[in-house]
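Chemist: Questions regarding the structure given below will be posed in turn.
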Amino acid sequence: MAEMKVEIKKENLVYQKTPLLTDNTMHYCPGCSHGTIHKLIAEVIDEMGMQEQTIGVSPVGCSVFAYNYIDIDWAEAAHGRAAAVATAIKRLYPNKMVFTYQGDGDLSAIGTGESIHVCNRGENIVVFYINNAIYGMTGGQMAPTTLIGMKTATTPYGRDPKLHGYPYRIATMIAQLEGVCYVTRQSVHTPAAVRKAKRAIRKAFENSMAGKGTSFVEFVATCNSGWKQTPVEANKWLEENMLPFYPVGDIKG
Amino acid sequence: MAKIKGTVVIDTERCKGCEVCVASCPCSVLGLAGEVNSKGYHFATMVNPDDCTGCASCAIICPDTCITVYRQKFD
Amino acid sequence: MEEVRLMKGNEVIAEAAIRCGADAYFGYPITPQSEVMETLMERQPWLSTGMVVVQAESEVAAINMIYGGAGCGKKVITSSSSPGVSLMSEGMSYIAGAELPCVIVNVSRGGPGLGTIQPSQADYFQACKGGAHGDFKLIVLAPASVQEMHDFVFDAFELAFKYHNPVMILSDGVIGQMMEKVILADQHPRLTDEEIAERYGSWALTGKPASRSRNVITSLDLDPYEQEKFNQKLVAKYKEVEANEVRYEEYLTEDADYLIVAFGSSARICKKSVELAREQGHKVGLLRPITLFPFPTQRIAELAGQVKGILVAELNAGQMVEDVRLSVEGKVPVAHYGRMGGAVYSPDEVTDALIEKIINRK
């Protein structure tokens with residue numbers, strides 16, 4: 001029987017890197033969810049043919065350098081303020097596709113006010129919220145979403161509500177705001193989850209261009225170095241600890 | 001009986017050896033190589049190439065988008 | 001035929017913003033300047049010129065909306081008052097750090113803390129010495145009339161886009177709240193998106209066409225030597241501003257033996273103080289800095305060669321007096337007279353202070 005060897009040629013191509021991802025090596029730790037999420041956003045913008053119409057707003061945090069990885073125009077916002085920056089850009093360029101890409105500290109700690117009010121105004125943007133329950137860039141401190149008992153650089157004995165308050169689910173809070181048309185929680189820790197997440201991103205972008213109001217896409221994500229685990233362990237830990245508290249699925253719309 | 005076979009090409013310099021693809025492959029095709037790339041990472045490689053079906057699970061989850069996937073039908 | 005109206009300073013800021021073709025205003029209510037946004041909301045420029053007006057949830061949000069709008073090459077303006085401007089200071093440093101053009105109006109009030117709502121000039125340091133982290137400066141214009149509130153909106157935008165830097169109009173509760181005759185400019189058209197892409201497409205966020213690489217608005221650099229080069233670029237920019245953009249007004253300085261230096265609403269009062277002093281036989285003149293940065297250092301140094309002493313009259317504990325002393329370099333005595341917290345002096349108080357602290361100085 002002839003040796004069945006797949007030829008490496010265009011006709012046989014099933015999957016390749018989207019041209020919207022630059023060739024810059026990402027500074028993220030090996031296995032970090034950021035890289036996978038960046039890829040999905042870049043792929044959806046590419047598939048929608050919107051590279052020339054999209055403006056992104058990156059936060060302060062690990063993903064501050066998102067502008068080095070997705071080849072579109074970017075504004076880098078002060079910590080917590082991406083939603084305000086994006087509001088102005090979308091109001092001034094209503095036909096552009098505008099989104100923010102923010103971590104849990106950026107969006108639900110220092111930027112809580114901006115995050116709630118961009119949704120309350122129903123700005124036609126997409127808010128991507130990467131919830132990995134820790135401050136990665138600054139070295140693993142507690143985030144608003146750090147789970148009870150979870151050890152971080154600022155909760156070395158585990159998060160204790162009496163000292164550090166409770167983790168909170170901002171997605172379910174903003175789901176009640178009129179201006180928000182779509183709220184969903186996704187993850188990228190398995191191929192199946194990645195496929196679902198990509199569909200959610202597409203839906204959110206389409207909502208924003210159809211003027212239906214704000215779409216809020218939360219990714220329950222890993223920070224393996226902050227959690228002091230290997231990437232594979234972190235994906236498993238996410239399933240066993242993060243997802244029960246931050247269940248994935250559509251919350252609104 | 002027609003048979004679908006797949007294969008992957010891994011950008012070994014871009015790979016950080018995070019092993020997420022290895023854990024995500026439904027057919028245990030992938031593993032970490034013994035050698036390391038210029039950054040010292042044991043990059044991912046096909047340890048059971050014949051079992052690859054070209055489903056691209058590895059490629060879509062790879063955080064650094066190092067994997068290109070091909071698939072071919074053999075009658 | 002000129003359009004002449006009787007308007008409040010705050011209202012004129014709004015009217016001038018619309019007429020100079022501003023693309024957006026982002027603000028937040030705070031006494032004594034809320035009429036700026038009230039006027040804009042009442043005029044509804046989005047129906048006529050297409051200008052966007054948004055009431056933000058805080059001054060922090062407002063200044064970051066300014067950052068976003070300016071990052072798109074659009075003409076954006078905000079206004080606030082002292083405590084609100086303090087909240088905006090981080091944003092101003094980012095805007096200067098990203099070299100973005102915008103206009104920020106501060107209708108100052110008595111401080112510190114919640115303070116009062118009466119006029120004050122105690123934000124001079126905040127406005128002129130950067131007022132936030134890092135080596136950057138605001139270009140600062142100080143209006144002393146409702147007409148200047150109008151004119152300086154046009155001038156501020158020109159300076160902002162000429163130097164890619166935030167420009168502050170440092171006003172106060174008096175100028176903001178008082179009504180005066182004002183000649184209104186006619187409507188200047190807003191730039192179209194195409195014109196913006198053409199003029200500012202090399203840096204502004206317009207959506208990345210295939211014809212250029214992506215634009216990134218950021219003030220971040222992890223390489224200190226690159227950041228130092230950037231800082232040197234800012235220093236050179238501010239040197240150029242100092243060389244080209246100094247503005248001031250003089251009153252009766254030709255034969256002056258003594259000089260009063262005062263800006264904004266204080267300068268209006270001091271014109272009367274000069275006259276009162278002359279009635280008592282003292283030849284006194286007034287220099288009114290219009291740009292607080294760049295400061296009229298050179299002219300004050302020249303006048304210091306002509307007069308025997310200088311009084312700096314300002315509604316604060318002594319801020320601009322330091323810049324006057326730096327300009328005078330000890331050639332002649334420089335004294336300060338001030339009222340604080342929102343209290344305002346009358347002309348004779350300043351005249352008496354000049355006589356006591358400078359003219360009859362032992």
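Chemist: If you check every pair at least six apart or on different chains, which have Cβ atoms under 6 Å apart with a residue in the stretch C:48-71 that is more than 8 Å from chain A (Cβ to nearest Cβ) first and a residue that is buried (at least 24 other Cβ atoms within 10 Å of the Cβ) and of a type in the set (S, T, N, Q) second?
Modeler: Cβ pairs passing all conditions: C:E59/C:S80.
Chemist: Does at least one position in the stretch C:79-100 carry a residue that is at pLDDT 95 or above and assigned to a strand (DSSP E or B)?
Modeler: yes
Chemist: Now a separate question. Working carefully through the options A:Y101, A:Y129, A:Y157, find the one that is away from chain C (no Cβ under 13 Å), within 14 Å of the chain's Cα centre (by Cα) and closer than 23 Å to A:W237 by Cα.
Modeler: Values: A:Y101 fails: closer than 23 Å to A:W237 by Cα; A:Y157 fails: within 14 Å of the chain's Cα centre (by Cα).
That would be A:Y129, the only listed residue that is away from chain C (no Cβ under 13 Å), within 14 Å of the chain's Cα centre (by Cα) and closer than 23 Å to A:W237 by Cα.
Chemist: Considering only the stretch B:64-73, I want to know if a residue exists there that is surrounded by fewer than 18 Cβ atoms within 10 Å (Cβ to Cβ), modelled with pLDDT of 95 or more, part of a strand (DSSP E or B) and facing chain A (nearest Cβ under 7 Å).
Modeler: Checking the stretch B:64-73: not a single residue is surrounded by fewer than 18 Cβ atoms within 10 Å (Cβ to Cβ), modelled with pLDDT of 95 or more, part of a strand (DSSP E or B) and facing chain A (nearest Cβ under 7 Å).
Chemist: Quickly run through the stretch C:308-338 and pick out the residues that are surrounded by fewer than 22 Cβ atoms within 10 Å (Cβ to Cβ), part of a loop (DSSP other than H, G, I, E, B) and either touching a strand residue (DSSP E or B) at 6+ places or on another chain (Cβ under 8 Å) or assigned by TED's automatic domain parsing to the domain that holds C:S171 (or both).
Modeler: Once the filter is applied, which keeps residues that are surrounded by fewer than 22 Cβ atoms within 10 Å (Cβ to Cβ), part of a loop (DSSP other than H, G, I, E, B) and either touching a strand residue (DSSP E or B) at 6+ places or on another chain (Cβ under 8 Å) or assigned by TED's automatic domain parsing to the domain that holds C:S171 (or both), the stretch C:308-338 yields C:K308, C:A317, C:G318, C:V332, C:P333.
Chemist: On the basis of being in a helix (DSSP H, G or I) and touching a strand residue (DSSP E or B) at 6+ places or on another chain (Cβ under 7 Å), does C:G68 make the cut? Let's see the steps before the verdict.
Modeler: Values: in a helix (DSSP H, G or I): yes; touching a strand residue (DSSP E or B) at 6+ places or on another chain (Cβ under 7 Å): yes.
Answer is yes for this residue.
Chemist: Quick check on B:R14: is it within 18 Å of A:L13 (Cα to Cα), touching a residue at least 40 places away in the same chain (Cβ under 8 Å), charged (D, E, K, R) and facing chain A (nearest Cβ under 7 Å)?
Modeler: When the stated conditions are applied, B:R14 does not pass them.
Chemist: Residues being among the basic types (K, R) and at the interface with another protein chain (Cβ under 7 Å from one of its Cβ atoms): count how many of those fall in the stretch A:1-28.
Modeler: Pass one, the stretch A:1-28, residues among the basic types (K, R): A:5, A:9-10, A:17.
Applying the additional criterion that residues be at the interface with another protein chain (Cβ under 7 Å from one of its Cβ atoms) yields A:17.
Qualifying residue count, the stretch A:1-28: 1.
Chemist: Is it the case, given these coordinates, that A:A204 is in contact with a Leu (Cβ under 8 Å, 6 or more places away or on another chain), small (G, A, S) and either crowded, with 17+ Cβ neighbours inside 10 Å or modelled with pLDDT under 95 (or both)?
Modeler: On the way: in contact with a Leu (Cβ under 8 Å, 6 or more places away or on another chain): no; small (G, A, S): yes; either crowded, with 17+ Cβ neighbours inside 10 Å or modelled with pLDDT under 95 (or both): yes.
In short, no.
Chemist: Right, another one. Starting from residues that are of a type in the set (V, I, T) and outside any helix (DSSP H, G or I), keep the ones in the stretch C:188-245 and report whichever is surrounded by the fewest Cβ atoms within 10 Å (Cβ to Cβ).
Modeler: So the residue we want is C:T192.
Chemist: Is it fair to say B:M1 is farther than 17 Å from A:V232 by Cβ and at pLDDT below 95?
Modeler: yes
Chemist: Suppose we filter the stretch B:1-21 for residues that are more than 17 Å from B:D50 (Cβ to Cβ) and aliphatic (A, V, I, L, M); how many remain?
Modeler: Taking the stretch B:1-21 and keeping what is more than 17 Å from B:D50 (Cβ to Cβ), we get B:11-21.
Still in the running and aliphatic (A, V, I, L, M): B:20.
The total comes to 1.
Chemist: Would you confirm whether any residue within the stretch A:55-72 is in contact with a Leu (Cβ under 6 Å, 6 or more places away or on another chain), away from chain B (no Cβ under 12 Å), charged (D, E, K, R) and closer than 29 Å to C:M92 by Cα?
Modeler: Within the stretch A:55-72, one or more residues are in contact with a Leu (Cβ under 6 Å, 6 or more places away or on another chain), away from chain B (no Cβ under 12 Å), charged (D, E, K, R) and closer than 29 Å to C:M92 by Cα.
Chemist: For the stretch A:12-37, how many residues are touching a residue at least 60 places away in the same chain (Cβ under 8 Å) and either small (G, A, S) or surrounded by 21 or more Cβ atoms within 10 Å (Cβ to Cβ) (or both)?
Modeler: Within the stretch A:12-37, the subset touching a residue at least 60 places away in the same chain (Cβ under 8 Å) is A:29-34, A:36-37.
With either small (G, A, S) or surrounded by 21 or more Cβ atoms within 10 Å (Cβ to Cβ) (or both) added as a condition, the list becomes A:31-34, A:36-37.
Residues flagged as touching a residue at least 60 places away in the same chain (Cβ under 8 Å) and either small (G, A, S) or surrounded by 21 or more Cβ atoms within 10 Å (Cβ to Cβ) (or both) within the stretch A:12-37 amount to 6.
The values are calculated or read from the model by the stated rules, or taken from the named source; none is laboratory data. Keep in mind that what you see is a predicted model, and the values were worked out from it rather than measured. Note that each Cβ is placed from the backbone with ideal geometry, even for glycine, and that neighbours are counted across all protein chains shown.
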